[in-house]
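Q: Here you go, one structure.
The values are calculated or read from the model by the stated rules, or taken from the named source; none is laboratory data. All of these numbers come straight from a predicted model, not from anything done at the bench. Cβ placement follows ideal geometry from the backbone for every residue including glycine, while neighbour counts extend to all protein chains displayed.
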């Protein structure tokens, strides 16, 4: 991510509140519209929108709140998802499809099937996750605009 | 096959009169777990479900589904329908079960 500010086409950071399921999807929908306007390939737009929606839902379900930052370069897009806790105890376990710590009321909505993180990884070209208990989790996803 | 052509065989009522029923139906999906739909959905699918909350429309819109079909005559919240109208996603409802609806959709040639 060592890029100069000059190369950046667009950058935006938005907050996601804990428990706000009604708003989930708004950020992803705005990314989708913005990237379509920029003429980004529709398959990339779709992958990014799905990954960002999973991130929005995860922030609402599992965290104390957080933020999503999109950085658009001419050849690449980064999506950075940060939260303020509680952090993930075992990242390898959290990355396993089917593993979830979501509460019952969230499962009633049809979420919490343990698909979110693996789906983010599948939809992005690069995926990095770091987490510290008590301080929070950061996910960095990259989307290639070439090829 | 477009959404309008599903109305009679699937015994559907249109809950979002202002949406476009000429959207092409290129596949089907029967699932009440939004997490699975997020992971497995593909553009153009008709999604049969008994989930009716707002997030259904967010998922359908992100995947560019052709329509959402609510089974078993389930009640749909006005907020969901307002969001569907805003996003241009047709929401239709049938008294039939998910099983029967998917069978009829498949029989119509939607694979």
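Q: Could you please find all residues in the range A:115-129 being part of a strand (DSSP E or B) and touching a residue at least 24 places away in the same chain (Cβ under 8 Å)?
A: Of all residues in the range A:115-129, those part of a strand (DSSP E or B) come to A:126-129.
The answer is A:129, and nothing else.
Q: Out of B:57, B:48, report the one residue that is touching a residue at least 24 places away in the same chain (Cβ under 8 Å), closer than 29 Å to residue A:20 by Cβ and touching a strand residue (DSSP E or B) at 6+ places or on another chain (Cβ under 6 Å).
A: Details: B:57 fails: touching a strand residue (DSSP E or B) at 6+ places or on another chain (Cβ under 6 Å).
Going through B:57, B:48 in turn, the sole match is B:48.
Q: Check the range B:14-24 and report whether any residue there is within 14 Å of chain A (Cβ to nearest Cβ) and over 14 Å from residue B:93 (Cα atoms). Even if it seems obvious, please write down each step before you answer.
A: Residues of the range B:14-24 within 14 Å of chain A (Cβ to nearest Cβ): none.
Scanning the range B:14-24, I find no residue that is within 14 Å of chain A (Cβ to nearest Cβ) and over 14 Å from residue B:93 (Cα atoms), so the answer is no.
Q: Quick one: count up the residues across the range A:35-68 that are assigned to a helix (DSSP H, G or I) and either under 14 Å from the mean Cα position of the chain (by Cα) or more than 14 Å from chain B (Cβ to nearest Cβ) (or both). Show your work before the answer.
A: Applying the first criterion (assigned to a helix (DSSP H, G or I)) to the range A:35-68 yields A:35-37, A:42-62.
Then drop every residue that is not either under 14 Å from the mean Cα position of the chain (by Cα) or more than 14 Å from chain B (Cβ to nearest Cβ) (or both), which leaves A:37, A:45-62.
Result for the range A:35-68: 19.
Q: Same structure, new question: Quick one: in the range A:130-147, which of the residues that are more than 11 Å from the chain's Cα centre (by Cα) and touching a residue at least 60 places away in the same chain (Cβ under 8 Å) is nearest to residue A:79 (Cα to Cα)?
A: Just the residues of the range A:130-147 that are more than 11 Å from the chain's Cα centre (by Cα), to begin with: A:130-137, A:143-147.
From what's left, touching a residue at least 60 places away in the same chain (Cβ under 8 Å): A:136-137, A:143-146.
Details: A:136: 17, A:137: 14, A:143: 8, A:144: 12, A:145: 13, A:146: 17 Å.
Taking the candidates together, the pick is A:143.
Q: Continuing with the same structure: Name the residue that is nearest to the other protein chains (Cβ to nearest Cβ), counting only residues in the range B:32-63 that are in a loop (DSSP other than H, G, I, E, B) and within 11 Å of the chain's Cα centre (by Cα).
A: B:51
Q: With the condition kept exactly as written, say whether any residue in the range A:98-107 is at pLDDT below 95, within 11 Å of chain B (Cβ to nearest Cβ), more than 22 Å from residue A:19 (Cβ to Cβ) and not in a strand (DSSP E or B).
A: Yes, some residue in the range A:98-107 is at pLDDT below 95, within 11 Å of chain B (Cβ to nearest Cβ), more than 22 Å from residue A:19 (Cβ to Cβ) and not in a strand (DSSP E or B).
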